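Reading through the structure tokens given below for one structure.
Coordinate-derived values only; no laboratory data. A quick note: this is a predicted structure, and the numbers were derived from the prediction, not measured. Here the Cβ positions follow ideal geometry from the backbone for every residue, glycine too, while neighbour counts run over all protein chains shown.
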Amino acid sequence: MQADATLPAAQRRNYTNAFHALYRIVADEGVLALWKGAGPTVVRAMALNMGMLASYDQSVEFFKDNLGFGEAATILGASSVSGFFASACSLPFDYVKTQIQKMQPDAEGKYPYTGSLDCAMKTLKSGGPFKFYTGFPVYCVRIAPHVMMTWIFLNQIQKLEKSVGL
């Protein structure tokens, strides 16, 4: 439904609600169209979690041991670093996922990409590696707070569990 609003007026499907969108997608494109872009979405999520998980513990050690930060500053600093790396690791996959989900067939009915790898290779060839990082500041501002809140809440839950003996 979000993508529909970005299309030119002649190409819009004008969904009235989510159920109408589901019905129209299945009727017009087939039931498998509901999963268009699911593979790239899963890969993006894996990359985001890899960046998030790989950087957090190292950052906690660095802030605590090398910089001597207290608990609150350590959690805030490490979660910020983790948010940055989650964004940096996942944006290339998010870019490919978005291109796959937004692609439209040309006049002959042919799609511009045959899959994620084809999309990535064509993007790399036409725009270079930095093309995958188009919009990084905005993406980071969107993703990093989510990651930060995840780590802050996890830390608070762990403290609560410890205080009640779990």
* Identify the residues of the stretch 81-115 with backbone N under 17 Å of a label point that sits 7 angstrom from the Cα of Arg24 along the Cα-to-Cβ direction, or state none. => 102-105
* Return the FRET efficiency for the residue pair Ala72, Leu166: r is the Cβ-Cβ distance, R0 is 25 Å, and the value is rounded to the nearest 0.05. => 0.65
* Inter-part distance where the stretch 20-62 and the stretch 96-144 are each reduced to a Cα centre, Å -> 14
* Please get the size of the charge dipole for the stretch 31-119, origin at its Cα centre, with Cβ charges of +1 on Lys and Arg and -1 on Asp and Glu, quoted in debye to the nearest 20. => 320
* Structure fact -> In deg cm²/dmol, rounded to the nearest 500, the helical mean residue ellipticity at 222 nm of the chain, built from -39500 (n - 2.57) for every DSSP H run of length 4 or more, is -23000 deg cm²/dmol
* Structure fact -> dims of the chain, Cα set, principal axes, largest to smallest, nearest Å -> 63, 40, 24
* To do: Please check which bits of the stretch 73-105 a label hung off Leu117 would reach, taking the label as a point 7 Å along Cα-to-C-beta and the cut-off as backbone N under 20 Å.
  => 92-101
* To do: Residues in the stretch 78-95, backbone N under 13 Å from the label point at Met50 (7 Å along the Cα-to-beta-carbon vector): list them, ranges by number please.
  => 86-94
